[in-house]
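Have a look at the structure below, then the notes.
The values are calculated or read from the model by the stated rules, or taken from the named source; none is laboratory data. Quick caveat: nothing in here was measured; it's all calculated off a predicted structure. Quick reminder, even Gly has a Cβ in these numbers, built from the backbone with ideal geometry, and neighbours come from all protein chains shown. Side chains are part of the model used for accessible areas, which takes the heavy atoms of the whole protein and leaves out ligands, DNA and RNA. Shrake-Rupley method; radii C 1.70, N 1.55, O 1.52, S 1.80 Å.
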Amino acid sequence: LLLIDTSGSMAGQKIEQAKSGAIDFAHSAISKAYATALAVFADRAAMVCDPTTDSARFAKKISRVDVGLVGGTTDLAAGLILAGKFRELAAVVVVTDGQSNDNAAALEVAATLKSRSVDIICIGTDDADKDFLKRLATRSDLATHVSSKNLRAAITDASRFLPQG
């Protein structure tokens with residue numbers, strides 16, 4: 001599951017980079033026999049694309065994503081709660097550029113996912129809290145912080161961290 005921040009601060013190039021990276025990630029994950037899903041979060045979380053192995057369907061769904069779709073703030077816990085509703089989930093890739101509204105709540109939900117052997121991979125940019133993302137990720141090496149101009153490449157590259165099936 002790709003979980004992308006669509007809060008107001010992601011406007012412009014960041015959301016475009018995230019969308020392009022998500023398409024690249026889906027192609028790579030699907031080639032490794034993973035179904036890929038997409039959810040967005042801001043004030044709340046919402047599914048954009050249910051798990052699919054059809055990269056064209058995934059690309060069509062992500063083309064509709066834009067900032068403000070589910071509000072303007074950064075409720076990461078809401079996104080992780082949504083991820084937790086999937087019974088079969090190998091990994092969650094979190095993409096954000098800012099501070100979570102409630103770090104403690106996000107870490108609590110992340111702990112539940114980790115206890116189910118779900119890998120949490122974090123990609124932060126700009127004002128994202130590097131230390132928080134390292135704690136949120138399954139392992140600190142699964143948390144990266146990149147400049148916004150490298151966001152697409154970082155998301156694309158995240159598929160190499162998917163657990164081997």
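Tabulated results
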quantity: Per residue value of the accessible surface for segment 1-114 (all protein chains in place, 1.4 Å probe), Å²; calculated: 41 Å²
quantity: Solution diffusion estimate, µm²/s, Stokes-Einstein, segment 75-165, Kirkwood Rh from C-alpha pairs, 37 °C, viscosity 0.692 mPa s; calculated: 252 µm²/s
quantity: Computed over the chain: relative contact order in percent, which uses C-alpha pairs under 8 Å that are six or more apart; calculated: 27 percent
quantity: Residue among 42, 22, 111 with the largest mean-square fluctuation in a Gaussian network model of the chain, springs linking Cα atoms under 10 Å; calculated: 111
quantity: Sequence-separation-based contact order of segment 1-96, relative, with Cα cut under 8 Å and 6+ spacing, percent; calculated: 41 percent
quantity: Shape category assigned to the chain from the gyration tensor of Cα positions, a/c cut at 1.5; calculated: rounded
quantity: In nm, spacing of pseudo-spin labels at residue 102 and residue 87 (7 Å Cα→C-beta vector); calculated: 2.8 nm
quantity: Residue 141 paired with residue 111, simple spin-label distance in nm, labels 7 Å along Cα-to-beta-carbon; calculated: 2.5 nm
quantity: Surface share of carbon and sulfur [accessible, 1.4 angstrom probe, percent] for the chain; calculated: 48 percent
quantity: Simple label model, 7 Å out from Cα along Cβ direction - residue 161 to residue 57, nm; calculated: 2.7 nm
quantity: Choice from 110, 33, 91 showing the highest fluctuation, given a GNM over the chain with Cα pairs closer than 10 Å; calculated: 33
